[in-house]
Amino acid sequence: MGKGKKKRQKEKELLEERQIRFQIYESLTAIIATIVTMLLAIVTAVLSWID
């Protein structure tokens with residue numbers, strides 16, 4: 001019985017670790033997308049201002 005609980009606990013910890021990693025990658029992706037959007041907006045504004 002003791003081994004079954006330890007195994008489940010270890011699996012749960014691994015799943016939580018993967019979930020945290022996934023959330024970090026998701027956050028980084030959102031930040032990069034925001035930066036790209038801001039750069040495109042700045043380039044568009046500069047090009048409009050030049051014309």
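With +1 on each Lys and Arg Cβ and -1 on each Asp and Glu Cβ, how big is the dipole of the chain about its Cα centre, in debye rounded to the nearest 20? It comes to approximately 880 debye.
Rolling a 1.4 angstrom probe over the protein heavy atoms with all chains in place gives the chain an accessible area of 105 Å² per residue. The angle separating the long axis of helix 2-50 from the principal Cα axis of greatest extent in the chain is about 0 degrees. When Rg and Dmax are taken over the Cα atoms of the chain, they come to 22.2, 75 Å.
Per atom type, the chain shows carbon and sulfur on 67% of its accessible surface, probed at 1.4 Å.
The values are calculated or read from the model by the stated rules, or taken from the named source; none is laboratory data. If you're wondering where the values come from, they're calculated on a predicted model, not measured in any experiment. Virtual Cβ from ideal backbone geometry, glycine too; neighbours counted across all protein chains shown. Note: accessible area is taken over every heavy atom of the protein model, side chains too, but ligands, DNA and RNA are not part of it. Shrake-Rupley method; radii C 1.70, N 1.55, O 1.52, S 1.80 Å.
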